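To start, the structure under review is shown below, and the notes come after it.
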Amino acid sequence: MSEQPQVGLIGLGTMGAALSLNIAEKGHFLAVYNRTGSVTDTFVQTAGDLAPRLTPTKTLENFVAAIKAPRVIILMVPAGPVVDDHIDALKPLLGPDDLIIDAGNANFYDTERRAKRAQNEKFGFIGIGVSGGESGARHGPSIMVGGTEADWARVAPMLEAISAKYDGTPCASLMGPGGAGHFVKMVHNGIEYADMQMIAEVYSLMRDGMAYKAPQVADVFENWNKGRLASYLIEISAKVARAEDPISGNAMLDVILDKAGQKGTGRWTAIEAQQLAVPVPVIEAAVAARNLSARLDTRQRGAEYFGDAQKALEGEGIAAKTLEKALIAGKILCYAQGFEMLAAAATHFGWDLPMPAIARVWREGCIIRSDMLNDMATALTNNPGDNLIFAEPFSGLLKDCEAALRDTVIAATKAGIAVPALAAGLSWFDSIRTRRTSANMIQAQRDYFGAHGFERVDGKNEPHGPWAGHED
Ligand code: 6PG
């Protein structure tokens, strides 16, 4: 029997269509709308058994009228001005207690602004980060919610039902008010960039340093996926390395241009980390590597002018076990930085970000899902406020894997194979274990040219060096 929907979804692109089917499958009746009406028709026609739960609409007026008040309206449209356009268009049509949910990859500042503005409106607005790509949206994404406790109480039953489950626990949680959900999703994406980059770097060591063919790389990744590195990204890396190009018959990886795309969420993470003065060098290196990959002409010119950087690794190369350990260390260092950034944001924005819950919602459904995240959730619960590297099992793993990371970075550097993210992780790890850094030189320079002053190691109150009044 058909019921009047209480939920509606706008934007039937890949993610919106998949999420609509997921919502309908969990028993909800749903009004759907897409700016291009034929997309709505095709979507409902191909929805199979779920079609009776979908109400296609062709105008926003009909869409809103089709939903029973108080309405929940999910926006799955491109992030940016399109979201504002839809809110503006919906505004005159909405009633008291209607709620708009922006489920796109919004910049969290936009979500903050929209949530604040909605406080003066009769309807509510929340922003949720949704991760897991098309298959996640269809079968269970990881969901990071920004809103009030009351908003969460209202949407939790539906969001928990459609979310991924880890051992039966829904991967959907309230992160905090306003833009907190989208902030956490942004950091997820920064970590995603770093995870992907480090995997690409060890792939490069195998391909360029040891002449592995793609299927050999697939073997290694498949093996790693049974151990500490078990994760979605390692799993799909094995699959893409195994795939053949139907056109040329060559390994699929070998016919893909080495020019990485990006929609910008990793860049936002790096920018925000700088704003918060939190060092996240692994993520920054990953973003820079994507930018550099896109500069094909410069790379060609560099190789012609200075000679190709890459050479075979010395001797036997690097054992797969060593590479695995290097990647384990790099991954822990990257997550330690990501969680430190989340902690800094919590302080800065006055959010009570639930660190263990963040690790828990990332355990399943999202792109960075991995077995390690379960241990991270436990470590963050047992060691509140502490950096992950000081918590077991990660401190022990780092001690065990540090030498492999160092050996890998040294071997790569000698062979001219760029490993910017792994090297950045190692450098960060070295820096945070350095009792006396070289920043005394920076302070001296600042004081020399700008009389900026410094603190002395002996605590004496003489904040300037003997160079005051210099002539040069
Ligand atoms: C996810 C992903 C997703 C991301 C795309 C592409 O969690 O499902 O992070 O949100 O936007 O995968 O991102 P880039 O184009 O920036 O690589």
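Read-outs: derived from the displayed coordinates by stated rules, not from any lab. Keep in mind it's a predicted model, so treat the numbers as computed, not measured. So basically every Cβ, Gly included, is an ideal-geometry build from the backbone, and we count neighbours across all protein chains shown.
Structural remarks
- Rg over Rh [alpha-carbon atoms, Kirkwood Rh] for the range 1-83: 0.93
- In terms of Cα atoms, the Rg and Dmax of the range 261-389 work out to 18.2, 54 Å.
- Amide H contacts under 5 Å for ALA31, placed H, 5+ residues apart: VAL7, GLY8, LEU9, THR55
- Two-decimal ratio, the range 7-176, of alpha-carbon radius of gyration to 2.2 N^0.38 Å: 0.95
- Toward the positive end of the charge dipole of the range 209-282, with +1 on the Cβ of Lys and Arg and -1 on the Cβ of Asp and Glu, the farthest Cα among TYR212, SER231, GLN275 is that of GLN275.
- In this structure, ALA69 and ILE271 have a Cβ-Cβ separation that, at R0 = 35 Å, corresponds to a calculated FRET efficiency of about 0.30.
- At full extension, GLU3 and ASN62 could sit 19.6 nm farther apart than now, given 0.36 nm per residue minus the alpha carbon distance.
- Dipole magnitude (debye, nearest 20) for the range 167-222, charges at Cβ of Lys, Arg, Asp, Glu: 160
- Expected-Rg normalisation [2.2 N^0.38 Å, Cα atoms] applied to the range 281-348: 1.58
- Karplus 3J(HN,Hα) series, Hz, for the range 117-127 with 6.51 cos²θ - 1.76 cosθ + 1.60 (x for Gly, Pro): 4, 5, 4, 8, 10, 7, 9, x, 9, 9, x
- Where GluC sites (Glu not before Pro) in DSSP loops with at most 16 other Cβ within 10 Å are excluded, longest remaining stretch of the chain: 122-313
- Residue (of TYR448, PHE349, PRO463) at the positive-pole extreme of the chain, dipole from beta-carbon charges: PHE349
- Nearest-0.05 FRET efficiency for ALA312 and GLU121, computed from C-beta distance (R0 51 Å): 0.20
- Kirkwood Rh, angstrom, the range 347-472 [1 / mean 1/r, Cα pairs]: 18.8
- Amide H to amide H distances under 5 Å link ALA172 with ILE143, where only residues 5 or more positions off or on other chains count and H is placed in the peptide plane.
- Cα-based radius of gyration for the chain, normalised by 2.2 N^0.38 Å, reads 1.10.
- The slack between PHE449 and VAL82, meaning 0.36 nm per residue of separation minus the straight C-alpha distance, is 127.3 nm.
- All Cα-Cα separations within the range 185-432 were binned at 10 Å from zero, giving a P(r) of 7, 31, 38, 18, 5, 0, each value a whole percent of the pairs.
- The smallest convex shape that holds all Cα atoms of the range 46-139, its convex hull, gives 112 Å³ per residue.
- If you wrap the range 129-168 in the convex hull of its Cα atoms and look at it from every side, the mean projected area works out to 2.9 nm².
- Integer Hz, Karplus 6.51/-1.76/1.60 couplings in order for the range 311-317, x for Gly and Pro: 10, 5, 5, 5, x, 7, x
- Using only Cα coordinates, the Kirkwood hydrodynamic radius of the range 253-300 works out to 11.8 Å.
- Calculated FRET efficiency, HIS464 to THR434, Cβ-Cβ distance, R0 = 30 Å: about 0.70 to the nearest 0.05.
- Beta bridges by DSSP in the chain, antiparallel share as percent, to the nearest 5: 25
- Fully extending the segment from ALA303 to THR347, taken as 0.36 nm per residue of separation minus the present Cα-Cα distance, adds 11.3 nm.
- Placing +1 on each Lys and Arg Cβ and -1 on each Asp and Glu Cβ, with no other charges, gives the chain a dipole about its Cα centre of roughly 340 debye.
- Among the trypsin sites (Lys or Arg not before Pro) within the range 421-468, those in coil by DSSP and having at most 16 neighbouring Cβ atoms inside 10 Å are ARG433, ARG435, ARG436, ARG456, LYS460.
- Cubic angstrom per residue, convex hull over Cα atoms of the range 141-296: 155
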